[in-house]
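Q: Starting off with a structure, shown below.
Where a number appears in this text, it was derived from the coordinates with a stated rule and is not lab data. The structure presented is a predicted model; accordingly, all values stated were derived computationally and were not measured. Every residue, glycine as well, gets a Cβ built from its backbone with ideal geometry; the counts of neighbours run over all protein chains shown.
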Amino acid sequence: MYSIKIEADFSSAHNLRGYKGKCEALHGHNWRVEVALSAAGLDKAGMLLDFRKLKMKLDRILERLDHKYLNGIAYFKKNNPTSENIAKYIYDSLKPGVSDLASVTVWESEKSCATYSE
């Protein structure tokens, strides 16, 4: 089995609805996103997927989130903008164009992250 990973980042603000604590107030993060792919085989060039192509796909998704108030984005009006739901949003957005997508991990700090996979 082969695996590759890329990382990217974005900055945004949010507040958690239905949460009692500091995070119910408006605050921001410098999020780090890790995308992992996994497959049994490689293409003719010996790659699972060209890193450059994967980075371009991820960057298009992160542009929707970067320097935004996440609660104002349609998906997060229905789903609380937790790290878990942000990971799922990115995964669901990438999946149609990335067949070997294994997981998306979203770090909200150096010590805290959430991962979504199917």
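Q: Hey, among the residues in the stretch 60-73 that are in a helix (DSSP H, G or I) and surrounded by 13 or more Cβ atoms within 10 Å (Cβ to Cβ), which one's farthest from the chain's Cα centre (by Cα)?
A: Among those residues, the one meeting the criterion is N71.
Q: Report, by residue number, each residue of the stretch 74-94 that is surrounded by 18 or more Cβ atoms within 10 Å (Cβ to Cβ) and out of contact with any helix residue (DSSP H, G or I) (no Cβ under 8 Å at 6 or more places or on another chain).
A: Selection gives T82, S83, A87, K88, Y91.
Q: Still on this model: Count, please, the residues in the stretch 1-39 that happen to be under 20 Å from L94 (Cβ atoms), of a type in the set (A, V, I, L, M, F, W, C) and surrounded by fewer than 14 Cβ atoms within 10 Å (Cβ to Cβ).
A: Count: 1.
Q: Here's a follow-up. Do we find that S103 is assigned to a strand (DSSP E or B) and over 24 Å from G21 (Cα atoms) in this structure?
A: Answer is yes for this residue.
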